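The values are calculated or read from the model by the stated rules, or taken from the named source; none is laboratory data. Since the model is a prediction, treat every value here as computed from it, not as a measurement. Using ideal geometry, Cβ is built from the backbone for each residue, glycine included, and neighbour counts are taken over all protein chains shown.
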Amino acid sequence: MPCKLSLIILFKKLLIIPMKKLFTKLFLFTSLFSMAQKTILINNVQIFNGTDEKTILGNILIENDKISKISASPIPTNKSAETKIIDGKGKFLMPGLIDAHWHTVGTGSGMADMMNAEIGLIYAEAIGEGNKTILRGFTSVRDMGGPTFGIKKAFDKDIVTGPRIFPSGAAISQTGGHGDFGYSYERPVVFGGKLSRAEEVGMFIIANGPDQVRTAVREQMRNGASQIKVMAGGGVSSLYDPLDAKQFSPEELKAAVDEAANWNTYVTVHIYNAAGIIEALNAGVKCIEHGQLANEEAVKLVKEKGAWLSIQAFEVKDHKYPDADRSAKNKAVSDGADAVFKLAKKYGVKVAFGTDFLFEPEMNYKQNEMLIRLNKYYSNFEILKMATSQNAELCEMSGERNPYKEAKLGVIKEGAWADMILVDGNVLKDISLIANPEKIFLLIIKSGKIHKNIL
């Protein structure tokens with residue numbers, strides 16, 4: 001009541017002064033009020049900064065969308081209602097999680113909707129899944145194919161709730177490649193056929209020959225892509241391409257790499273088999289998505305080239321397919337992961353964590369579980385670092401095309417984006433806690449805005 005009374009008195013005074021002074025004071029009042037609502041002080045938290053295994057007990061001040069101060073000593077601040085003060089109760093504070101292989105459009109929709117539903121429903125399903133993604137603790141995603149540009153802007157503007165997005169735009173595929181979801185009786189566009197539904201929606205774009213590949217890259221960059229995604233080999237969910245198939249010639253891959261370089265960013269490729277990995281790396285590709293059928297030569301080359309391996313700890317049960325061919329491909333990929341993780345660890349390859357759920361919204365809850373599966377190969381610290389600062393390093397490889405280059409992601413440091421999770425338990429000691437975000441994640445903040453608080 002006192003607050004409301006003060007506002008009434010203020011506005012009565014404003015009404016009796018000249019109009020010019022009225023607008024000046026209103027502007028100052030509004031500015032101060034909105035700024036005051038963007039200050040958060042979190043006291044008494046055990047801080048994991050995303051890069052160091054040792055934590056510190058301290059306090060964090062958030063101003064607007066960034067971390068302004070971290071201190072083991074009390075942080076002086078305005079104790080009025082203008083500052084949100086949170087007692088962290090000694091709980092574990094860590095950076096928001098990052099999924100390096102996500103499909104914003106596609107995780108919320110089943111294949112039936114993607115191929116038949118009105119586009120508005122597909123976008124609505126993607127937005128709904130964006131909110132769920134945040135509540136699982138993932139405050140940023142590296143999107144590996146789909147029409148996400150508008151949704152990204154909506155998330156960034158806080159029109160709707162969702163993670164930060166590093167968009168690739170439509171994934172680029174050859175005819176008959178992993179991104180060709182046209183029917184077998186349909187002619188390719190170059191022979192007078194029509195775009196497939198997947199192309200119309202913007203999930204994929206078909207390009208054949210270096211010139212078409214360059215045009216496809218330029219289109220995604222024009223639309224705001226952070227990096228370029230190319231389908232360089234056979235896939236599991238696609239109908240026509242076996243896993244051993246290489247896709248795109250070295251000349252086509254080089255055209256994509258050169259064009260991306262013109263925009264000061266990089267190309268990442270979908271590929272499972274060793275021969276395709278080697279060919280892509282020699283063309284200048286900077287990241288391998290999947291790679292579960294790699295051999296030792298291919299993994300060593302990833303290391304030698306300073307490239308990244310964005311691999312998933314798939315299990316056969318993660319995906320269900322209606323036919324024997326795709327079920328067999330799913331098993332081959334799932335069975336191959338173990339050997340490649342061990343090779344990557346042996347040679348010190350830069351590994352990114354990602355999930356790659358697509359067209360199976362009922363499986364998205366496993367996003368956190370897939371992170372925990374890495375404890376077969378990595379320590380709890382290595383896993384947390386991978387899903388925070390290490391994944392951020394990969395995202396930031398997009399250089400000037402990084403939409404969030406104003407500050408650092410994946411870390412709890414002064415000047416970094418205020419993306420963080422308060423956990424009921426020490427995840428460095430027990431990584432399995434992450435599997436229960438609904439109960440264990442007490443506080444979730446993205447860009448200085450509280451999205452969950454059950455303290």
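Points worth noting:
- Meets criteria (surrounded by fewer than 21 Cβ atoms within 10 Å (Cβ to Cβ) and in contact with a Pro (Cβ under 9 Å, 6 or more places away or on another chain)) for P361: no
- Candidates L433, L384, L422, filtered to the one that is in contact with a Lys or Arg (Cβ under 9 Å, 6 or more places away or on another chain) and either surrounded by fewer than 17 Cβ atoms within 10 Å (Cβ to Cβ) or at pLDDT 95 or above (or both): L422
- Residues in segment 158-209 that are polar (S, T, N, Q) and part of a loop (DSSP other than H, G, I, E, B) were compared, and the one that is nearest to the chain's Cα centre (by Cα) is S168.
Rundown of residues vs (1) more than 16 Å from K254 (Cβ to Cβ); (2) in contact (Cβ under 8 Å) with a residue 60 or more places away in the chain; (3) of a type in the set (A, V, I, L, M, F, W, C), yes/no style:
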position	(1), (2), (3)
D180	yes, yes, no
S184	yes, no, no
P188	yes, no, no
G192	yes, no, no
A198	yes, yes, yes
V201	yes, yes, yes
A216	no, no, yes
N223	yes, yes, no
V230	no, no, yes
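Residue-by-condition table, conditions (1) under 23 Å from S168 (Cβ atoms); (2) touching a residue at least 60 places away in the same chain (Cβ under 8 Å); (3) assigned by TED's automatic domain parsing to the domain that holds P242; (4) of a type in the set (K, R):
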position	(1), (2), (3), (4)
A280	yes, no, yes, no
I288	yes, no, yes, no
E296	no, no, yes, no
V302	yes, no, yes, no
G306	yes, no, yes, no
G336	no, yes, yes, no
F341	no, no, yes, no
V349	yes, no, yes, no
F353	yes, yes, yes, no
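- Identification of strands (runs of 3 or more DSSP E) wholly contained in segment 355-455 with 2 or more residues that are over 16 Å from the mean Cα position of the chain (by Cα) and among the charged types (D, E, K, R) yields 449-453.
- Residues of segment 67-102 that turn out to be of a type in the set (F, W, Y) and outside the structural domain of A352 (by TED's automatic domain parsing), as a count: 1
- When I122 is tested against (1) within 22 Å of the chain's Cα centre (by Cα); (2) aliphatic (A, V, I, L, M); (3) in a strand (DSSP E or B), exactly one condition is not met: (3).
- Of the numbered criteria (1) among the small types (G, A, S); (2) over 23 Å from the mean Cα position of the chain (by Cα); (3) crowded, with 22+ Cβ neighbours inside 10 Å, the one G291 fails is (2).
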